[in-house]
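Participant: Quick one: structure below, then a few questions.
The values are calculated or read from the model by the stated rules, or taken from the named source; none is laboratory data. From a predicted model like this one, the values you see are computed outputs, not experimental measurements. Here the Cβ positions follow ideal geometry from the backbone for every residue, glycine too, while neighbour counts run over all protein chains shown. The protein model used for the area step is the full one, side chains on, heavy atoms only, and it has no ligands, DNA or RNA in it. Shrake-Rupley method; radii C 1.70, N 1.55, O 1.52, S 1.80 Å.
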Amino acid sequence: MSQRFHNKVAIVTGASSGIGKATAISLAREGARLMICADRNVDGLEETRQAVADLGAECLAMRVDVRSQEAVEGCVDAARERFGAVDILVNNAGTGQYMPFAKMSNDEYDRVMDINLRGTFFFCRAVLPAMMERNYGKIVNVTSVMGEIAAQGQSIYNASKGAAKLLTQGIAVDVTGYNINVNAVAPGMVVTNLTQRMFSNEAAEKFFTDRIPKRRIGQPEDISPAILFLCSDEASYIHGTTLVVDGGMICTR
Ligand SMILES: NC(=O)c1ccc[n+]([C@@H]2O[C@H](COP(=O)([O-])OP(=O)(O)OC[C@H]3O[C@@H](n4cnc5c(N)ncnc54)[C@H](O)[C@@H]3O)[C@@H](O)[C@H]2O)c1
């Protein structure tokens, strides 16, 4: 196993399950020290922490609601206090929307936008000044194919992920001249807590697999290698881009 992240310090948000958990474990396997966080699934977060610790990697776990500026900045400060600096940020925490546009309430709009976009804004802003000072940093924002194309009942989710994609580009331009890379990974359909109800029966699962050239729903471990690649120095000339990892689904639209 290569050690691309030997001694690097990585923050992974939304690491209590799914893509965030797979990413944290993979980073640890390749030598990173970790700050992992999530808002509520404390048991899941502890499971990830234990899995990372079992790999011999240092790991701090914190309960953080990405909608709270104070909590986000507290998390970044705690990572710096423990590890000295933050090299890598993976903004993975996210939520879904399963509501037709005409029925969307203000509260539901705020919930989706605040978790998927404001949280990414808070975390990027909290880590960037020190990354600029050290002239080193990797940021990967987890967006979605649904930030590239629309889907029924997901209008505000589409908007939040499309905005996160453009936020990624905007930050990339604003760190011109620095040895900092800012990119996004846009997963397609992946089996996680977020989506399990979409694959609740065979017919629903078939609906999706019929639209995926790879003829299967993705697993978190299909997405984490793309995130790790963009966090690595091998990808140092990739900047401001969104890497779609969807088994080809977007090609069928
Ligand atoms: N599963 C998919 O098909 C899919 C597809 C495209 C994009 N994504 C994106 O991947 C990312 C990870 O999702 P997942 O599929 O692994 O789902 P998941 O439900 O397993 O993980 C989501 C994580 O985000 C955390 N989270 C949610 N709200 C939060 C908040 N307010 N503050 C802090 N943490 C919060 C959860 O605790 C959890 O750890 C999300 O950004 C999601 O939009 C998922």
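Participant: Name, by its number, the condition in (1) open to solvent by less than 60 Å² (accessible area, probe 1.4 Å); (2) within 30 Å of Cys251 (Cβ to Cβ); (3) assigned to a helix (DSSP H, G or I); (4) not aliphatic (A, V, I, L, M) that does not hold for Gln169.
Facilitator: (1)
Participant: Give the number of residues within the range 1-20 that are open to solvent by less than 40 Å² (accessible area, probe 1.4 Å) and of a type outside the set (A, V, I, L, M).
Facilitator: Number of matching residues: 7.
Participant: Taking the condition touching a residue at least 12 places away in the same chain (Cβ under 8 Å), more than 16 Å from the chain's Cα centre (by Cα) and more than 13 Å from the ligand (Cβ to nearest atom), does Leu60 pass?
Facilitator: It is true that Leu60 is touching a residue at least 12 places away in the same chain (Cβ under 8 Å), more than 16 Å from the chain's Cα centre (by Cα) and more than 13 Å from the ligand (Cβ to nearest atom).
Participant: Go through the range 77-96 and give me each residue that's within 16 Å of the ligand (Cβ to nearest atom), in contact with a strand residue (DSSP E or B) (Cβ under 8 Å, 6 or more places away or on another chain) and small (Gly, Ala, Ser).
Facilitator: Answer for the range 77-96, where residues must be within 16 Å of the ligand (Cβ to nearest atom), in contact with a strand residue (DSSP E or B) (Cβ under 8 Å, 6 or more places away or on another chain) and small (Gly, Ala, Ser): Ala78, Ala79, Ala93, Gly94.
Participant: If a residue has to be under 21 Å from Lys165 (Cα atoms) and not in a helix (DSSP H, G or I) to count, how many in the range 99-131 make the cut?
Facilitator: Total satisfying the criteria: 0.
Participant: Taking the range 108-128 only, how many residues are within 14 Å of the ligand (Cβ to nearest atom), over 15 Å from the mean Cα position of the chain (by Cα) and open to solvent by 60 Å² or more (accessible area, probe 1.4 Å)?
Facilitator: 2
Participant: When the range 175-214 is examined, which residues are found to be more than 14 Å from the ligand (Cβ to nearest atom), surrounded by 14 or more Cβ atoms within 10 Å (Cβ to Cβ) and not in a loop (DSSP other than H, G, I, E, B)?
Facilitator: Matches in the range 175-214: Ile180, Asn181, Val182, Asn183.
Participant: Consider the range 220-246. How many of its residues are open to solvent by 30 Å² or more (accessible area, probe 1.4 Å), touching a residue at least 40 places away in the same chain (Cβ under 8 Å) and either part of a loop (DSSP other than H, G, I, E, B) or over 27 Å from Ile171 (Cβ atoms) (or both)?
Facilitator: 5
Participant: Starting from residues that are of a type in the set (D, E, K, R) and in a loop (DSSP other than H, G, I, E, B), keep the ones in the range 58-87 and report whichever is nearest to Arg134 (Cα to Cα).
Facilitator: Checking each candidate, the answer is Asp87.
Participant: Residue by residue through the range 26-40, note down the ones that are of a type outside the set (Lys, Arg), without any contact (Cβ under 8 Å) to a residue 60 or more places away in the chain and farther than 21 Å from Asp77 by Cα.
Facilitator: Gly31
Participant: Still on this structure: In the range 42-49, is there at least one residue being open to solvent by less than 20 Å² (accessible area, probe 1.4 Å), in a loop (DSSP other than H, G, I, E, B) and among the small types (Gly, Ala, Ser)?
Facilitator: The answer is no; no qualifying residue exists.
Participant: Identify all residues within the range 231-248 that are under 19 Å from Glu148 (Cα atoms) and either hydroxyl-bearing (Ser, Thr, Tyr) or touching a Lys or Arg at 6+ places or on another chain (Cβ under 8 Å) (or both); write none if there are none.
Facilitator: Thr241, Thr242, Gly247, Gly248
Participant: List pairs: first residue in the range 1-14 and part of a loop (DSSP other than H, G, I, E, B), second residue open to solvent by 60 Å² or more (accessible area, probe 1.4 Å) anywhere in the structure, Cβ distance under 8 angstrom, at least six positions apart or on different chains.
Facilitator: Met1/Arg29; Arg4/Asp233; Arg4/Glu234
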